[in-house]
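A short write-up of the structure that comes next.
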Amino acid sequence: MDEITLFNPLILAWLVLALANCLILFFVTAPYGRHARRGWGPTIPSRWGWIVMEAPAAIVFGACFILGGAGKTITTGIFFLLWEVHYIHRAFIYPWSRRGGGKSMPLAVIGMGLFFNGVNGYINGRYLFTLSGGYPSAWLLDPRFLAGLGLFLAGFVINRRSDMILHKLRRPGETGYRIPHGGLYRWISCPNYLGEIVEWVGWAVATWSLPGLAFAAWTAANLAPRARAHHRWYRQRFPDYPAGRRALMPGLW
């Protein structure tokens, strides 16, 4: 069986795995950041953990773009740019901008993240730049591309603004936590996660692809349970935490 024959069943299996992962994470919170705890094996500094974990997405997707056989157009160039802007920031800028970044991250968590990002970079890059047959420049005027691009950019802005609010909560050298205020923190505990989910839902719409849908599903499967864990943590740690806030969706959840 060739790659094209196996590709769609692989994506469907990846979607099922996302659902299973989501169910597990509602009961077992990934042990890094504020939820770090012993019992998960060897650790390394979290900054290096983020780099090792996130870099494969940028590298594998970039390789798929360079080696892709579907032909390069303005549209595929824009897809490449959107993806790389996100992941170059996530892998090589964000880890060094974090205050209180002296914490450790388990190698087990890093290994799972590395595997996910490698597979995700491959299935999206391989489809977009080879198996899709190409995206013509006319796709830039398609309502699906325009709507998806709008969602992607809105999610990116929400994510970055929310991360900056968190960044400013700490002075250089501080490692503690405070209640964030401003922006969407007025209504929810994790607008940075909401922004990332919106971002990759936009990607799925703009690419109109099964790999894009799988990525959006995985993003929600990872971040929705973590947002719930963050929200619960805030309420337990801060007696004066705003009662009206929700975890991820304003007024809903």
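The values are calculated or read from the model by the stated rules, or taken from the named source; none is laboratory data. All values reported here derive from a predicted model rather than from experimental measurement. Cβ atoms come from the backbone with ideal geometry, glycine included; neighbour counts cover every protein chain shown.
Structural remarks
- Matching residues in region 32-51 - criterion: being surrounded by fewer than 19 Cβ atoms within 10 Å (Cβ to Cβ) and closer than 29 Å to P211 by Cβ: G33, W48, I51
- Unique match (being at pLDDT below 90 and closer than 28 Å to P211 by Cβ) among L19, L25, L6: L6
- The lone exception for R178 - which of (1) out of contact with any helix residue (DSSP H, G or I) (no Cβ under 9 Å at 6 or more places or on another chain); (2) under 21 Å from R228 (Cα atoms) it fails: (1)
- Residues that are of a type in the set (D, E, K, R) and modelled with pLDDT of 95 or more within region 91-141 comprise just one, R126.
- In region 160-181, the residues that are under 20 Å from R237 (Cα atoms) and of a type in the set (V, I, T) form Cβ pairs under 9 Å with partners that are loosely packed, with under 10 Cβ neighbours inside 10 Å and at pLDDT 90 or above, at six or more places apart or across chains, as follows: I179/D240.
- Residue count, region 81-105 (criterion: surrounded by fewer than 22 Cβ atoms within 10 Å (Cβ to Cβ) and not in a helix (DSSP H, G or I)): 7
- Every condition in (1) surrounded by 13 or more Cβ atoms within 10 Å (Cβ to Cβ); (2) aromatic (F, W, Y); (3) over 18 Å from the mean Cα position of the chain (by Cα) holds for F61 except the one numbered (3).
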